[in-house]
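Working notes, beginning with the structure itself.
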Amino acid sequence: MDNRLKIVGRKPTKDSITRTVRMSGESYDKIASIAERENISFNNVVNQLLEYGLKNIVWQFSTFAIYYI
């Protein structure tokens with residue numbers, strides 16, 4: 001199964017919350033490049049990266065692995 005992230009255009013949602021997030025210049029440049037290449041907003045790319053990360057996070061405690069769904 002291929003669970004790599006696929007960046008796609010999405011319609012904006014009405015349940016957004018405005019927050020300030022600090023990131024490295026390198027991360028900013030990579031995200032901006034993806035957004036430009038895919039012709040979608042920077043924010044759209046950030047949201048997709050966050051959703052993917054949250055769906056695929058693995059928490060490890062001692063010998064247990066808990067998958068966040």
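The values are calculated or read from the model by the stated rules, or taken from the named source; none is laboratory data. Keep in mind that this is a model prediction, so the values were computed, not measured. Please note: Cβ atoms are built from the backbone with ideal geometry, for glycine as well, and neighbour counts cover all protein chains shown. Keep in mind that these areas ignore ligands, DNA and RNA; they rest on the heavy atoms of the full protein, side chains included. Shrake-Rupley method; radii C 1.70, N 1.55, O 1.52, S 1.80 Å.
Some observations on this one:
- The residue that is nearest to the chain's Cα centre (by Cα), among those in region 1-13 that are modelled with pLDDT under 75 and either more than 16 Å from Gln48 (Cα to Cα) or open to solvent by less than 100 Å² (accessible area, probe 1.4 Å) (or both), is Asn3.
- Failed condition for Asn56, given (1) modelled with pLDDT of 85 or more; (2) surrounded by fewer than 10 Cβ atoms within 10 Å (Cβ to Cβ): (2)
- Residue in region 22-43 that is most open to solvent (accessible area, probe 1.4 Å), counting only those that are touching a residue at least 12 places away in the same chain (Cβ under 8 Å) and within 13 Å of the chain's Cα centre (by Cα): Ile34
- Selection from region 6-22 of residues that are of a type outside the set (Val, Ile, Thr) and within 13 Å of Phe42 (Cα to Cα): Gly9, Arg10, Pro12
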